[in-house]
Amino acid sequence: MTVFKKNPSLSELREFTHQTLTMLSEQNIPDTPEAYESRDRIQSLAAELDARLNAPVTIGVVGEYSVGKSLLLGPLLGKPDLLPVEAGPSTGNITVLELSRGEPGRPTTTAESTDVAFLTEKQLAACVGAVLDDLVRVLDERHPQLGAEATLAGYNPVTDPRGWALFEAWYPGCGSPRAARSRTRRSAPRTGTPSPSCAGSATRP
């Protein structure tokens, strides 16, 4: 059986769970309810640990538009041109990169196709509603003079017939020339990337 140091590596933990599950499957135990219960509990914990060790690791990269997220990810993954990079907002959607282990010493390659998944209108409305609810709560706490609660409480531009008109009227910055240019850039279709009219979509290169 593997003996661990204080902070075992992932490979050491994998070896430990494999040895534990193998030992439990081969070991003769006393024919008592307590022994079977202990064995089953240890097997369950070892199997859970093994599943966690072999599950994909999810890392979220978030930030404002055009701060360099795509520019950073490409070189880190060994492929600088992996994602579109421009001075203005370019990726414009939730993008999911699924990685698989390649051969040591070989360059990073990408799949020949891209899967695009779109949120349903109900899912998109739920996401937008949650974001606006948080916005209203924070603004009322920090800037009550803006009257966010009075104007935006219960408002959801996805389901409201007025669309974003109410929000843009309340926040004049959305109607500025700079914001308008930004929205125009994001609305341009791009190869392998869904249009931002489905802002909750996911792209898997």
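Counting only aspartates and glutamates at least 8 places from LYS69 when in the same chain, those with an alpha carbon closer than 20 Å to its own are ASP81, GLU86, GLU98. Heavy-atom accessible area for ASP40, with the other protein chains in place and a 1.4 Å probe, reaches approximately 80 Å².
Ordered by solvent-accessible area of protein heavy atoms (1.4 Å probe), largest first, the residues THR58, THR20 come out as THR58, THR20. For ILE94, the amide hydrogen comes within under 5 Å of the amide hydrogens of SER201, counting only partners 5 or more places away or on other chains and with H modelled in the peptide plane.
TYR171 contributes an accessible area of around 110 Å² to the protein surface, as traced by a 1.4 Å probe with all chains present. Could you name the aspartates and glutamates whose alpha carbon sits less than 20 Å from that of LYS122, not counting residues in the same chain fewer than 8 places away? List returned: ASP133, ASP134, ASP160. Given +1 at the Cβ of Lys and Arg, -1 at the Cβ of Asp and Glu and no other charges, the dipole of region 18-171 around its Cα centre is 380 debye to the nearest 20.
Projecting label points 7 angstrom from Cα along Cα→Cβ for GLU86 and CYS127 puts them 2.0 nm apart.
Within region 19-159, the proportion of Cα pairs with more than 23 Å between them is 66 percent. The alpha carbon centroids of region 4-42 and region 61-118 are separated by 40 Å. Eigen-decomposition of the gyration tensor built on the alpha-carbon atoms of region 91-155 gives equivalent ellipsoid semi-axes of 42, 16, 8 angstrom, largest listed first.
When a/c reaches 1.5 or more, the comparison of a/b and b/c decides; with that in mind, is region 66-118 rounded, prolate or oblate per its Cα gyration tensor? In terms of gyration-tensor shape, oblate. Per-residue surface analysis assigns GLU103 an accessible area of about 120 Å², computed on protein heavy atoms at 1.4 Å probe radius. Inter-label distance, SER9 to ARG101: 1.2 nm, where each label sits 7 Å from its Cα along the C-beta direction.
Remark: spin-label model distance GLU26-ARG39 equals 1.5 nm, labels positioned 7 Å along the Cα→Cβ axis. Potential lengthening of the chain between LEU77 and LEU53 amounts to 6.5 nm, from the contour at 0.36 nm per residue minus the alpha-carbon distance. Take every pair of alpha-carbon atoms less than 8 Å apart whose residues are at least six positions apart; their mean separation over the length of region 1-80 yields a relative contact order of 24 percent.
The listed residues GLU141, GLU12, GLU48, once ranked by accessible area (1.4 Å probe) with the largest placed first, stand as GLU141, GLU48, GLU12.
The values are calculated or read from the model by the stated rules, or taken from the named source; none is laboratory data. If you're wondering where the values come from, they're calculated on a predicted model, not measured in any experiment. Glycine gets a Cβ as well: all are built from the backbone with ideal geometry, and neighbour counts include every protein chain shown. Each accessible area value is taken on the protein alone, full model and side chains, heavy atoms only, with ligands, DNA and RNA left out. Shrake-Rupley method; radii C 1.70, N 1.55, O 1.52, S 1.80 Å.
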